[in-house]
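**Student:** I'd like to ask some things about the structure below.
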Amino acid sequence: MAQELQGLLDRIQQQGLKKADSEKEKILADAKAEAEKIRKQAQDDADALLKKAQSDAAGIEARAKAAIRQAARDMILSFKEDLQARLERLVKGAAAETLTPAFLGQILTAIAKSQTAETSLEVLVAKNDLDKLTELVRSSLVGELKTNPAIRLGADIGAGMKLNFGGNDVYFDFTDEAVAELICAYIGPRLAALLEPAKA
């Protein structure tokens, strides 16, 4: 009976060990599967974060480049506008200095010589030049001109003159404003073209 009891105990022990080994293997397999699942999820999360970070970085870089290009365009436009304004002031100042009563007299003489018939001539001048040009016409140009011009104050004239032949509504504009506008219209675009970025 002791032998049977011992055999029974051995069998129970072996079955218990087999069951424990089986449970141990199952627990280990479950743990490995869970660990693999966690590792895969962590890898997927890391890949997603890396992809998002790369996408965000590319977006930030693209926006930064666009902002830099826009800032460069804005600076060039501002510089062009400033340069144009300086050019206009410089040319207008130079035109005002050049359009003296003596020079205006030369223009009047040249225009009068080109006239084939006597027509009335009205000359509008700046306040500062009215007396000087009137005196010049009376003293030295009267013989050159076919008609005695009516010299009047032009309220909106800073320097230079406006001429009207025959009493019509058309005035030939020789003012500092008109001369500056004409010169700037010619020089301005060429100057602006120098500031354009080179095409790659």
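**Student:** About the Cα centre of the chain, how large is the charge dipole given +1 on each Lys and Arg Cβ and -1 on each Asp and Glu Cβ? Please answer in debye to the nearest 20. Don't skip to the end; give the middle numbers.
**Tutor:** Working: 28 positive and 31 negative charges, 107 e Å.
Result for the chain is approximately 520 debye, rounded to the nearest 20.
**Student:** Using a simple spin-label model with points 7 Å from Cα along the Cα→Cβ vector, what separation in nm is obtained for Ile60 and Leu77?
**Tutor:** Label-label distance for Ile60 and Leu77, simple model: 2.8 nm.
**Student:** Would you mind checking which residues have amide H under 5 Å from Thr175's amide H? H placed 1.01 Å from N; only 5 or more apart, or other chain.
**Tutor:** Met161
**Student:** Looking at the chain, identify the longest residue range that excludes and avoids all GluC sites (Glu not before Pro) in DSSP loops having at most 16 other Cβ atoms within 10 Å.
**Tutor:** Excluding the exposed sites themselves, the longest stretch runs over 1-117.
**Student:** Rounded to the nearest 500, what is the chain's calculated 222 nm mean residue ellipticity when only DSSP H runs of at least 4 contribute -39500 (n - 2.57) each, over all residues?
**Tutor:** After summing the helix terms and dividing by residue count, I get -26000 deg cm²/dmol.
**Student:** Between helix 176-195 and the chain, what is the angle of the helix's C-alpha long axis to the longest principal axis, kept within 0 to 90° and rounded to the nearest 10?
**Tutor:** With rounding to tens, the tilt is 30 degrees.
**Student:** At 0.36 nm per residue, minus the direct Cα-Cα distance, what do Asp30 and Leu49 gain on full extension? Give it in nm, one decimal, please.
**Tutor:** My answer for the length gained is 4.0 nm.
**Student:** Within the set Lys132/Lys162; Lys127/Lys162; Lys19/Lys40; Lys92/Lys127; Lys113/Lys162, which residue pairs have Cα atoms separated by over 22 Å?
**Tutor:** Result: Lys19/Lys40 exceed 22 Å.
**Student:** Hey, another quick one. Under a Cβ-Cβ cut-off of 12 Å, what is the net charge of the residues other than Ile157 that fall near it, where Lys and Arg count +1 and Asp and Glu count -1?
**Tutor:** With Lys, Arg at +1 and Asp, Glu at -1, the neighbours total -2.
Values quoted throughout were computed directly from the atomic coordinates according to the rules given, and no laboratory measurement underlies them. Since the model is a prediction, treat every value here as computed from it, not as a measurement. FYI the Cβ positions are ideal-geometry reconstructions off the backbone, even for glycines, and counts take in every protein chain you see.
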